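Quick notes on the structure that follows.
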Amino acid sequence: MADATRVLIVEDLQTDAELAEREVRAVLAGATFLRVETEEAFLAALESFRPDVVLSDFKLPNFDGLTALRLAQEHAPAIPFIIITGSMDEDTAVACMKAGAWDYVIKEHIKRLGPAIMAALDRERLVRERGAAQQSLRESEALFRSVFEDHVAVKLIIDPDTGQIVDANKAAADFYGWPREQLRRMRIHEINTLPPEDLRAAMETARLGHGAFFQFRHRRADHSVREVEVFSSTVKTWGRDLLHSIVHDVTERKRAEEERERLLAAIEQAGETILITDAAGTVQYVNPAFVATSGYARDEAIGRTPRILKSGQHDPSFYQNLWETISSGRTWEGRIINKRKDGTLYTEDATISPVSDKAGRIINYVAVKRDITEHLDLAAQFQQAQKMEAVGRLAGGVAHDYNNMLSVILGYTELLLDKAEPSSPLHDDLLEILNAARRSADITRQLLAFARKQAIEPVVLDLNDAVERMLKILDRLIGEDIDLVLRPAAALPPVLIDPAQVDQIMANLCVNARDAIAGVGKITIETDCLTIDETYAAHHPGSVPGEFVVLSVSDNGRGMDKETVSHLFEPFFTTKPAGKGTGLGLSTVYGIVKQNGGFINVYSEPDVGTTFRIYLPRHAGDADAVEPEGGAQAWASRGETVLLVEDEEPILRLGQTILARLGYTLLSASTPQEAIRLAHAHTGDIHLLITDVIMPGMNGRDLAERVRALRPGVKVLFMSGYTADVIARHGVLDPGVSYLQKPFRLRDMAAKVRASLDRNH
């Protein structure tokens, strides 16, 4: 630095200038020099030479040292300026020093010039450094004010020993609501809600470390409390350490985080499937319901696309419409069939919505879906039950008139057959009429059984015994190529059912099983007992909770698909070729089971086989003995008198003919009032009252009570073509009551009359 010192000499004498140079080189060997004599040259040198020190003679011919000093102070005030003079009195020296000269040297003592220059340069360096320090301080203070006072962040300066708020910026005053002057008089515990001892510990932590991060709750002037995050660091000042605390209001952020946590918890616990993708359709999030429904774990779904659920049940246009809808910013709602990881299909109601940023760009898609597979199955089962009920009501509605007409056709045809010679053409024609009428009567009974309106006479029986009695008949029905296996459960509880209905169930199920087997096969009949709970019943419409005896009939035949099973119990529905079945067999089974308070399930799979499971309510009590019917020889009259009451004239005449042929003494009436008069007027015994249930003016039950009042020992046989529910409302189907369902054949009426007369009560 010294070797490069530039020295400007203002001197008119060359010799004096050389003397000065010699003395300067003695202390600054590498210095460079420039001599000037005029004001113009001096000003030019200040600008171009840029001296580090100026040596000026006090008096020159056309210039003087004081003028040079003034010009130097104007253009380069920081440069040391030394006056060199041949003679100077005390007043002149004082004047020079007052004018701003750094020093003066008398030429006679020129040796002093070197030390004077060095002293001046040292002084200049100190001034320069002090100026730089002062400038740095000024800049630091400005920076502090900018960083602290004018910063948008809330800032406090705190004395950790006393808790005094030493300073607070404008943002702090705005945030807390107190003026800065008031904040500077407050202590931090007036703001912070922490207990004093905890607050002191927190400040000590901040002071001892390089900085500490805290979460506090701060009070404000309006008494509100805000959640804040505070970063405190130590600021070292003269005599003490202070804490510089930056306060961030995070109340809204924490509320948003809490809301987000609540939302995430709700999503995680939601029963609906929730799936979120990015704008390209890549899965970013799935909730537990998705995992449970689809079978895919989270790590198996995230990073892939929803195409992993594609079922193949929708054509490409379905998915294209979905994508075009959501990618255009609209919400798609609809029903979609998806495939689980295990390959099974399920149906979902879905809402898929786009999520856009502030600029309107789609950034995510959110799908909310609900598995409705079970709901659809239950709805289908419920609709099936409603359909069966509607068909049942239709079937029962036509039964009365149809039964009456069939009774007439059957009765008179049988009477004519008795008169016709077997060899005559008329005999064969009558047989055809009789067979057709019988088939029609069977259809009526099957429809009534389906409608659960068939009149029955239930008894308490052991289902194992009832099935075993049918085995021989079933063997003949199914043929030798099919193996019939019975697997009865031990100690089976009894059931309450008409034995004839058990026969109908077994015959229909086994015949259908036989027809489902191509060639050699196997039919398995099993019995068991089972308890149905509330949960099972709730998910299987038609079933009810309770204890049941189960009858199962299984085959290894061709089986059925779901569509076929859905129509299986409908009247006249059949899978058999034309002329091979009426379509009433399984509807009859359905009706019988429902009429007896049970339910039926079908399990079938194409090329595997079919199983029917019939659930009949367990009956508390012992089984009754089922007596076989009597033969024709026991039907004839034994001298009894019968009172027949029927408002339908053809039925009345038919009944008269049948009873007369059986040898009974007959009283007949077409109205209840006429019957009462006959019962009152007849002088002999009346052993049996045969009456229609539904008649104009008086029903059969009331008529029977009136006749019993006149004839206490009379027995009663009711008959009707109405359905069982109508008859039951008149009390006719009560246990122990004799009943004859129309249409009836001659032998049916003969057997019922004889049985009614032979009853002990």
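Extension gain, Thr32 to Arg476, is 145.6 nm, computed as 0.36 nm per intervening residue step minus the present C-alpha separation.
In order along the stretch 66-79, the phi-based Karplus estimate (6.51 cos²θ - 1.76 cosθ + 1.60, θ = phi - 60°) of 3J(HN,Hα) comes to 5, 5, 4, 4, 4, 5, 5, 5, 6, 9, 8, x, 7, 7 Hz; Gly and Pro are listed as x. What does DSSP give for the chain in terms of the percent of beta bridges that are antiparallel, rounded to the nearest 5? Taking every DSSP beta bridge with both residues in the chain, the antiparallel ones total about 65 percent. Under the simplified labelling scheme, the Ala500-Glu300 pair shows an inter-label distance of 5.8 nm, with each label point 7 Å from Cα along Cα→Cβ. Positive end of the dipole of the chain (Cβ unit charges, origin at the Cα centre): among Ile165, Phe42, Gln14, the Cα lying farthest that way belongs to Ile165. Projecting label points 7 angstrom from Cα along Cα→Cβ for Ala538 and Ala436 puts them 5.6 nm apart.
What FRET efficiency would be calculated for the residue pair Ser424, Asp349, taking the C-beta separation as r and a Förster radius of 56 Å, to the nearest 0.05? Don't jump to the answer; show the numbers that get you there.
Details: r = 72 Å, r/R0 = 1.29.
So, using R0 = 56 Å, E works out to roughly 0.20.
A simple charge model with +1 on the Cβ of Lys and Arg, -1 on the Cβ of Asp and Glu and nothing else charged puts the dipole of the stretch 291-387 at about 200 debye relative to its Cα centre. On a per residue basis, the chain carries 52 Å² of accessible surface, using protein heavy atoms and a 1.4 Å probe. Sequence-ordered 3J(HN,Hα) estimates for the stretch 187-204 from the Karplus curve with 6.51, -1.76 and 1.60 and θ = phi - 60° stand at 10, 5, 5, 6, 9, 7, 8, 5, x, x, 5, 5, 5, 4, 4, 5, 5, 5 Hz, glycine and proline given as x.
Counting 0.36 nm for each residue step from Glu547 to Thr683 and taking away their Cα separation leaves a gain of 43.4 nm. Rounded to 0.05, the FRET efficiency of the Ala132 and Ala201 pair, given R0 = 45 Å and the Cβ-Cβ distance, is 0.55. Recomputing Rg and Dmax of the Cα atoms in Å from the coordinates shown identifies the correct label among (1) 25.0, 83; (2) 32.3, 98; (3) 59.6, 190 as (3).
Which entries in Lys339/Lys562; Lys472/Lys562; Lys59/Lys107 show an alpha-carbon gap greater than 23 Å? Pairs exceeding 23 Å: Lys472/Lys562. Each residue of the stretch 222-234 is assigned a 3J(HN,Hα), and the resulting list reads 8, 6, 6, 10, 10, 7, 10, 10, 10, 10, 10, 9, 7 Hz, derived from the Karplus form 6.51 cos²θ - 1.76 cosθ + 1.60 (θ = phi - 60°), x at Gly and Pro. Put a dot 7 Å past the Cα of Arg759, heading toward its Cβ, do the same for Ala41, and the two dots end up 16.2 nm apart.
Over the chain, with every protein chain in place, what whole percent of the accessible area is carbon and sulfur at 1.4 Å, could you tell me? So the carbon and sulfur contribution to the accessible surface is 53 percent.
Give Lys310/Lys369; Lys419/Lys742; Lys310/Lys358; Lys155/Lys236 a once-over and call out the pairs whose C-alpha atoms are over 22 Å from each other.
Details: Lys310/Lys369 15 Å; Lys419/Lys742 24 Å; Lys310/Lys358 33 Å; Lys155/Lys236 16 Å.
Lys419/Lys742; Lys310/Lys358, as the Cα separations exceed 22 Å there.
If a paramagnetic tag sat 7 Å from the Cα of Lys522 along the Cα-Cβ line, which residues of the stretch 549-566 would have the backbone N under 18 Å from that point? Once the point is set 7 Å along Cα→Cβ of Lys522, 552-559 turn out to lie under 18 Å by backbone N, inside the stretch 549-566.
For the chain, what is the mean residue ellipticity at 222 nm derived from helices alone (per DSSP H run of n ≥ 4: -39500 (n - 2.57); sum divided by total residues; nearest 500 deg cm²/dmol)? Walk me through the numbers on the way to the answer.
Values: 25 runs with 322 residues, N = 761.
After summing the helix terms and dividing by the residues of the chain, the value is -13500 deg cm²/dmol.
For the chain, the longest principal axis of the alpha carbon atoms and the long axis of helix 113-144 meet at an angle near 20°.
Annotation: aspartates and glutamates with alpha-carbon distance below 18 angstrom to Lys98 (same-chain offsets under eight excluded): Asp57, Asp64, Glu74, Asp89, Glu90, Glu124. Peptides 195-203, 263-271 ranked from most to least packed give 195-203, 263-271, packing being the mean of other C-beta atoms within 10 angstrom over each peptide's residues. The amide H of Val459, built 1.01 Å from its N in the peptide plane, has Ile497, Asp498 as neighbours under 5 Å, considering only residues 5 or more places off or on other chains. The calculated FRET efficiency for Ile337 paired with Asp357, based on their beta-carbon distance and R0 = 25 Å, is about 0.15.
What does the extension gain come out to for His375 and Thr193, with contour length at 0.36 nm per residue minus their alpha carbon separation? Spell out each step's value before the answer.
Working: separation 182, 0.36 × 182 = 65.52 nm, distance 5.47 nm.
The His375-Thr193 span can extend by a further 60.0 nm.
The values are calculated or read from the model by the stated rules, or taken from the named source; none is laboratory data. Since this is a predicted model, take the numbers as computed values, not measurements. Positions of Cβ are generated from backbone atoms using ideal geometry, with glycine treated the same way; all protein chains shown enter the neighbour counts. Ligands, DNA and RNA are stripped out before the accessible areas are found, and what is left, the full protein with its side chains, is counted by its heavy atoms. Shrake-Rupley method; radii C 1.70, N 1.55, O 1.52, S 1.80 Å.
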